[in-house]
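Reading through the structure tokens given below for one structure.
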Amino acid sequence: MKAVIPAAGVGTRLRPHTYTLPKALLYVAGKPIISHILDEVRELDVSGVVLIVGYKGELIEEYVSQAYRDLKIDFVYQRERLGIGHAVHMTRAVADVGEPLLIILGDTILKTDLTQVAGNTVNVLGVKEVEDPRRFGVCELRNGKIVRLVEKPKDPPGNLAVVGLYHIVDSSLLFEVLQQQQDQNIRNHGEYQITDALQMMIDRGAEFAPFEIGEWFDCGKPEALLETNRQLLMGKDDIPQTEGSIILPPVSIDPSATIKNSIIGPYVSIASNSVVENSIVRDSVLDQGSTVSNCLLKSSIIGSQAVIRGGFQNLNIGDSSEVIFK
């Protein structure tokens, strides 16, 4: 079985951070989003990983190639972002057609037992009840099986959303319907949707079972990324040793970060080579190499190499920015 991870999106709702980084490399709860996914995949018995990249994909390839040398990873570039169906279709040459596929969307962090999905002998879709199913692919069940899938319906048949986890037992049928989708230009909301391809499989007799996801974290907007940071840090009670400062868990502080005369936490992630001095920081994410000095900072996202000096603010500052309050 191979794992396929589509991560070619731009992440426009996370600007200014995604002007300089792809969404998959944004820092949350101690590591980039893509690392949360690959660390879970690493625990599975997969023959390889196919990572679909596009926007600033060379940065993802550089990071993953260095950080995951133990995994066999193929990189497929999706130059035109024409949907998840289009992205998965592009992996045909390296995806071992006919063998099982585990597809995990690269902008969603799942905390669930993936072995229950990967070891299954039937097609499985990860599902979760949501408040507003109109934003998702929605499935309809009958006798415990998925009988209908609809992408972002105006009138949803229920509130059970498909949340970015797909286990396909026989990938040959999936690639067949994905080819048909493109040959016949079957698009939905302007894109080739994986949801529509899966419905085509159902129409041909394929059976799909739902798998209730334990926890599912969205990183699509700044406020969602901060909420994900809070949730993933929950229960992390180890307190890094920082002389002259106070640490209020849960936090994630890289060992290379420098903390001086500050109060950090709760719910703070500080990446490598960052500096925090004479400051109070809570409910925030600081990417690598950032500097926060003489500040009261809360509910903020600070990009890599950004410098913040003085002030009591809510900030969403991209890479290499400098903000000085006087």
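Each value in this text was obtained by applying a stated rule to the coordinates, not by laboratory testing. The structure presented is a predicted model; accordingly, all values stated were derived computationally and were not measured. In this analysis, Cβ positions are derived from the backbone assuming ideal geometry, glycine residues included, and neighbour counts consider all displayed protein chains.
At 7 Å along Cα-to-Cβ for each site, give me the label-to-label distance between Leu71 and Ala93 in nm.
For the pair Leu71/Ala93, the computed spacing is 2.2 nm.
Estimate the FRET efficiency between Lys111 and Asp203 by the formula 1/(1 + (r/R0)^6), using the beta-carbon distance for r and 30 Å for R0, to the nearest 0.05.
For Lys111 and Asp203, the calculated efficiency is 0.35.
³J(HN,Hα) across the range 253-260 via Karplus (A = 6.51, B = -1.76, C = 1.60, θ = phi - 60°), whole Hz, x for Gly/Pro?
Rounded to whole hertz, the list is 10, 4, x, 7, 6, 10, 10, 10.
As a test, work out the antiparallel percent of DSSP beta bridges whose residues both lie in the range 2-228, rounded to the nearest 5.
55
If you filter the range 45-148 for GluC sites (Glu not before Pro), then keep DSSP loop positions with at most 16 other Cβ within 10 Å, what is left?
Glu80, Glu131
Please give the Cα centre distance for the range 234-257 versus the range 1-17, rounded to the nearest Å.
29
To the nearest 0.05, what FRET efficiency results for Arg142 and Glu212 with a Förster distance of 25 Å applied to their C-beta separation?
Working: r = 17 Å, r/R0 = 0.67.
Efficiency for this residue pair is about 0.90.
How big is the dipole moment of the range 2-228 about its Cα centre under a simple scheme where the beta carbon of each Lys and Arg is +1, that of each Asp and Glu is -1, and everything else is neutral? Debye, nearest 20, please.
That gives the range 2-228 a dipole magnitude of about 520 debye.
Could you state the angle between the C-alpha long axis of helix 222-233 and the longest principal axis of the C-alpha atoms of the chain, as a value from 0 to 90 degrees rounded to the nearest 10?
That works out to roughly 80 degrees.
Using per-residue counts of other Cβ atoms within 10 Å, averaged over each peptide, order 223-236, 293-306 from highest down.
Result, highest mean Cβ count within 10 Å first: 293-306, 223-236.
Normalise the Debye intensity by I(0) for the chain, one equal point scatterer per Cα, no solvent, then take log10 at q = 0.08, 0.11, 0.12 Å⁻¹ and round to two decimals.
With no solvent term, the Cα-only Debye profile gives -0.40, -0.72, -0.83.
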